[in-house]
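Below is one structure, written out as structure tokens; comments come after it.
The values are calculated or read from the model by the stated rules, or taken from the named source; none is laboratory data. If you're wondering where the values come from, they're calculated on a predicted model, not measured in any experiment. Because the Cβ atoms are built from the backbone with ideal geometry, glycine has one as well, and the counts that use them run over all protein chains shown.
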Amino acid sequence: MHTDAVQTPDDDDDDDHDHDRNKVWPGPHSNLLNSDSNWWLVACMDWPRDRWIGYVSGYRKAATLIVDNVAIAGRDQDYLVYPFLMCWRHHIELQLKNLYLLLHRWHRSSAEPQRTHKISLLWHKVRPLLERACPDDDAEIVHVTRILTQLDEFDPSSEHFRYPMLNDGSDTLGTLGRIHLRGFHETMEGVANYLDAVDTGLRVMIDNRDDYERETALWSEG
């Protein structure tokens, strides 16, 4: 692999800026598909699997890596908070869209992929389907609803965690001043754990039903 190292104007700064000394600018060998012998850095995006799993789990894992990094390093929380919050919000959005389709499969009803970014609207569509499929989860659903409502208040449009201002020029995150990353993370982990359990349960129920119906059909034909 070729690396194009180009000296930057601030390479002669004092030792307080050592992290700037190895900046790399694009050169003739720069290519987004460059690789090297470190096979563990190769992401297999063409691995045949349910594509939802990689997306849903990936953003959650990224949020975990960010908060753990801040906890160990003890710094950069004021910068990493934005991708941290965005990763958690996007994980929830993707999981709700995934559950919407799975729940419709379980209920044998048709459904189109949801194109909205609004957590409140997605949960409004998922919750009644979930209550039908999991009638014993009333307490858990109440707590999940409360936390998702809070998340939606912080970022109702999927713009507040990603941009410093909205299209109308107004500032984002007007209702969120300071945040404890670990406290936020642990609360979101609880929601993610529940939704992940629903995802797993639905997949098992659908597979079991499909297997039963397939075996019943074979038995009837025989």
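Looking across region 71-96, the residues that are in contact (Cβ under 8 Å) with a residue 40 or more places away in the chain and farther than 23 Å from Thr172 by Cα come down to Ala71, Gln95, Leu96. Scanning region 102-124 for residues that are under 19 Å from the mean Cα position of the chain (by Cα), over 17 Å from Leu148 (Cα atoms) and crowded, with 17+ Cβ neighbours inside 10 Å yields Leu102, Gln114.
Return the only residue of Leu148, Leu181 being within 24 Å of Leu101 (Cβ to Cβ) and assigned by TED's automatic domain parsing to the domain that holds Leu103. Break it down stepwise before answering.
Numbers: Leu181 fails: within 24 Å of Leu101 (Cβ to Cβ).
The match here is Leu148.
Residue count for region 148-169 satisfying the condition of being polar (S, T, N, Q) and in a loop (DSSP other than H, G, I, E, B): 3.
Is it the case that some residue within region 129-146 is assigned to a helix (DSSP H, G or I) and either in contact with an Asp or Glu (Cβ under 6 Å, 6 or more places away or on another chain) or closer than 20 Å to Val81 by Cα (or both)? Checked against the condition, which is being assigned to a helix (DSSP H, G or I) and either in contact with an Asp or Glu (Cβ under 6 Å, 6 or more places away or on another chain) or closer than 20 Å to Val81 by Cα (or both), region 129-146 yields no hits at all.
Filter region 138-166 down to the residues that are of a type outside the set (A, V, I, L, M, F, W, C) and touching a residue at least 60 places away in the same chain (Cβ under 8 Å), then identify the one that is surrounded by the most Cβ atoms within 10 Å (Cβ to Cβ). Explain how you work it out, then say what you get.
Applying the first criterion (of a type outside the set (A, V, I, L, M, F, W, C)) to region 138-166 yields 138, 140, 143, 145-146, 149-150, 152-153, 155-160, 162-164.
Still in the running and touching a residue at least 60 places away in the same chain (Cβ under 8 Å): 155, 158, 162.
Details: Asp155: 22, Ser158: 16, Arg162: 15.
Result: Asp155.
Screening region 190-204 for residues that are closer than 13 Å to His143 by Cβ and of a type outside the set (A, V, I, L, M, F, W, C) and picking the one that is surrounded by the fewest Cβ atoms within 10 Å (Cβ to Cβ) gives Asn193. Here is a check on your reading of the model: is Trp52 at pLDDT below 95, within 25 Å of Ala192 (Cα to Cα) and crowded, with 16+ Cβ neighbours inside 10 Å? Spelling it out, Trp52 is indeed at pLDDT below 95, within 25 Å of Ala192 (Cα to Cα) and crowded, with 16+ Cβ neighbours inside 10 Å.
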